[in-house]
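Colleague: Sharing a structure with you now.
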Amino acid sequence: MSAHLEVEGVSKAFGGLRALSLCSLSVEKGSIAGLIGPNGSGKTTLFNVITGYVRPDAGTVALGGTPITSARPDEVFALGLGRTFQLTRIFARLTVLENMLVATQRKEGWLRSVARPAASSAEQRRAIELLDFVGLTRLASARAGTLSYGQRKLLELAYVLVADPSVILLDEPAGGVNPTLINEIRERILALNSEGKTFLVVEHNMEFVMGLCHTVTVMHQGSAIVTGTPDAVRSDPRVLDAYLGGGEEQDDDVAVG
Amino acid sequence: MSARRESGGAASPDAPAVPLGGSGRRRAAIGTAWIAFAAALIVFPVVFSNPTVTTIGVFTLVYMTSATAWNGFAGFSGYVPLGHAVFFGVGGYTLALVALHLKMAGGYAMFALVPLGGVAAAVIAVPFGLIALRTRRHTFVVITIAVFFIVQLLAFNLGFTQGSSGVQIPTPLWTAATFNDRFYYAALIVLALAVLVVWGIRRSRFGLQLLAIRDDEDRARGLGVKVQRVKLVGFVLSGVTVGMAGGIYAFFVGQVYPQFAFDPLFDVTVALMAFFGGLGTISGPLLGALLLEPIQQYLTLQYSVGSLYLIIYGALFLVVILAMPRGVIPTAGEYLQMRRARRVERADGRSPAATPSVEVAPLGRASR
Ligand SMILES: Nc1ncnc2c1ncn2[C@@H]1O[C@H](COP(=O)(O)OP(=O)(O)O)[C@@H](O)[C@H]1O
Ligand SMILES: [Mg+2]
């Protein structure tokens, strides 16, 4: 096995607040890795660094051996790394199908993109296939803004898949979603994983994480403190310290490293 | 698959059950309306030959073009520029200065300079866009206004623009009876071009990317959209079209002055027209300009008070923002759709939301 996504020594400060300090993490190809930690421990910031939304102060990120530390979000996505957001972000005034087509990747100059239609029939077919996969085909022509919260999560997962990424980062996929839909999301992740896709999943729902992930990494105050199998992590004393010592909310303003 | 049932069953009641692209019949009706509209514009000067009326006609076409082009960027991308008068003025000045230096006599050849005005607008639009589009929302608006005032100041002070005395444009020696008509049809051609460009954009992949930027620019970036490039291309295309409208306008008026060619009210007017008809629609800005520009011209001619229209505009703006914040066309469209849905409901005796419609709306449905 080899590390497909490799984060090394990443630090990031917002003003005086050290959101990430010397954070390292590696995700094996074809695995489902979990990322847990108290609120404010830097999980979302780490996602932002990996996907090019935030530039780290120090450290490197590599995808399949290619450095992507200073790549822009569109370049990261084109290289095969897709992500969803903690607070679901969809294009509310576009239809569900149009949302899917935004993510379609084409190598073409600006003139061609102006002259050619939004989607070829093959691209549309592919989009519908993926909507089928998450069960949203019936709503293809509905405005995305009319979807329920859980449906939005599914749509976000579906359009990330359009570009056929090798790694998918999910930021709290089960947060605020009803139990039935959580199961759906779980099944989709497992199905995609069996096709070889690699996952890195941030989630507060312990049952979800422990049942799904092959390895779990615990973050605390901007660093990855423990990595191991779900069972090993569950019984690690440092993990209890991180959760009990820091407290869930207070951790937000802890700036000492 | 149970996934499908679960999410499908949760369809919210305001999800349109009727595919938004509409049936073939509805699309045919829309097509017919467009053809009738184009025909009416073509025969207009034949029916109304009064020079006062055709003069208003030319100005109206120029503003229909400008509002369409402005909306082609603002309505699709969500960025609201208030410095498009730069392109309007540059188009006019280009025509005037080239005619001056080539010592052209006024005639058909002058119309060939109109596209040149568009090219000049593009040359300005690239650096303008590169600077302004680094910012968003309010900062973007303020920067476009600032660039506008800088350019106006330059027009006042640069040697080759001849300062505040402006530049005279040779008047064609056409008979009074046909004078306006030639400008009218030239303006109509530019308008047709503008509508075709915006319509093409709406159907293109590029247009979809602009709309995605409008809804959530950062998310679009994360899905591979090269947002800076897309915004710049949209900005430049819009500027080029407004530059051509400015060229026609200047040629028709016969002179360019800094304060008229670079008019701070230009953007306010054009934005109001687009907002009034419906931002981001294709017919909206056309309708807005078609209603508002003749009112402005009429009031100015009738009462010779050049600023009376501003009061009317202000009042209209308030009415639109308060009563139909999305503009006339989208509001009317929704109303019609609601009525149709209710009719279907009554005919079927069941809720339209229960209709299993898996039909997929064709893209480009916003082109009402
Ligand atoms: N753009 C930002 N500007 C300032 N502070 C930020 C920014 N993004 C995150 N933070 C701060 O960094 C810390 C880590 O946040 P985050 O990565 O969202 O944690 P988590 O996702 O683990 O809850 C928090 O204290 C948060 O307030
Ligand atoms: Mg978070």
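Derivation of every value follows stated rules applied to the coordinates shown; laboratory data play no part. All figures in this text were calculated on a predicted structure; none of them were measured in a lab. With ideal geometry, Cβ positions are generated from the backbone for all residues, glycine too; neighbour counts draw on all protein chains shown.
Colleague: More than 11 Å from every other protein chain (Cβ to nearest Cβ), more than 15 Å from ligand 1 (Cβ to nearest atom) and within 26 Å of A:GLU203 (Cβ to Cβ): is that true of A:LYS29 in this structure?
Modeller: Yes; evaluated as a whole, the condition is true for this residue.
Colleague: A follow-up question, please. Does A:PHE77 meet the test of being part of a loop (DSSP other than H, G, I, E, B), within 17 Å of the chain's Cα centre (by Cα) and at the interface with another protein chain (Cβ under 10 Å from one of its Cβ atoms)?
Modeller: no
Colleague: Right, something else. Of all residues in region A:166-195, which are within 16 Å of ligand 2 (Cβ to nearest atom) and under 14 Å from the mean Cα position of the chain (by Cα)?
Modeller: Of everything in region A:166-195, those that are within 16 Å of ligand 2 (Cβ to nearest atom) and under 14 Å from the mean Cα position of the chain (by Cα) turn out to be A:LEU169, A:LEU170, A:ASP171, A:GLU172, A:PRO173, A:ALA174, A:GLY175.
Colleague: In region A:140-235, which helices (runs of 4 or more DSSP H) lie fully inside it and hold 1 or more residues that are more than 11 Å from every other protein chain (Cβ to nearest Cβ) and aromatic (Phe, Trp, Tyr)?
Modeller: Helices (runs of 4 or more DSSP H) meeting the threshold: A:206-212.
Colleague: Then there is this: Evaluate region A:157-169: report whether one residue or more is of a type outside the set (Ser, Thr, Tyr), within 23 Å of A:VAL76 (Cα to Cα), touching a Ser or Thr at 6+ places or on another chain (Cβ under 9 Å) and within 16 Å of ligand 1 (Cβ to nearest atom).
Modeller: Within region A:157-169, one or more residues are of a type outside the set (Ser, Thr, Tyr), within 23 Å of A:VAL76 (Cα to Cα), touching a Ser or Thr at 6+ places or on another chain (Cβ under 9 Å) and within 16 Å of ligand 1 (Cβ to nearest atom).
Colleague: Here's another thing I want to ask about it. Out of all the residues in region A:109-118, which are at the interface with chain B (Cβ under 8 Å from one of its Cβ atoms) and either within 26 Å of the chain's Cα centre (by Cα) or not aliphatic (A, V, I, L, M) (or both)?
Modeller: Answer for region A:109-118, where residues must be at the interface with chain B (Cβ under 8 Å from one of its Cβ atoms) and either within 26 Å of the chain's Cα centre (by Cα) or not aliphatic (A, V, I, L, M) (or both): A:TRP110, A:SER113, A:ARG116, A:PRO117.
Colleague: Here is a further query. Name every residue in region B:177-208 that is of a type in the set (S, T, N, Q) and within 7 Å of chain A (Cβ to nearest Cβ), in order of residue number.
Modeller: Within region B:177-208, just B:SER204 meets the criteria.
Colleague: Let me ask you something else. So which of A:GLY211, A:GLY222 is under 24 Å from A:GLY42 (Cα atoms), more than 14 Å from the chain's Cα centre (by Cα) and within 16 Å of ligand 1 (Cβ to nearest atom)?
Modeller: After ruling out the rest, the residue left standing is A:GLY222.
Colleague: Shifting gears a bit: Keeping to region A:36-56, report how many residues are within 6 Å of ligand 1 (Cβ to nearest atom) and over 10 Å from A:GLY222 (Cα atoms).
Modeller: Number satisfying all stated conditions: 2.
Colleague: Of the residues that sit in region A:129-139 and are within 24 Å of A:PHE85 (Cβ to Cβ) and facing chain B (nearest Cβ under 9 Å), which one is surrounded by the most Cβ atoms within 10 Å (Cβ to Cβ)?
Modeller: A:LEU136
Colleague: Out of A:GLY37, A:GLY59, I need the residue that is of a type in the set (Gly, Ala, Ser), in contact (Cβ under 8 Å) with a residue 24 or more places away in the chain, farther than 22 Å from A:ASN193 by Cβ and within 16 Å of ligand 2 (Cβ to nearest atom). Which one?
Modeller: Step by step, each of A:GLY37, A:GLY59 is checked, and only A:GLY37 is of a type in the set (Gly, Ala, Ser), in contact (Cβ under 8 Å) with a residue 24 or more places away in the chain, farther than 22 Å from A:ASN193 by Cβ and within 16 Å of ligand 2 (Cβ to nearest atom).
Colleague: Taking only region B:184-224 into account, find how many residues are within 19 Å of A:ALA92 (Cβ to Cβ), among the basic types (Lys, Arg) and free of Cβ contacts under 8 Å to residues at least 24 places away in the same chain.
Modeller: Residues meeting the conditions: 2.
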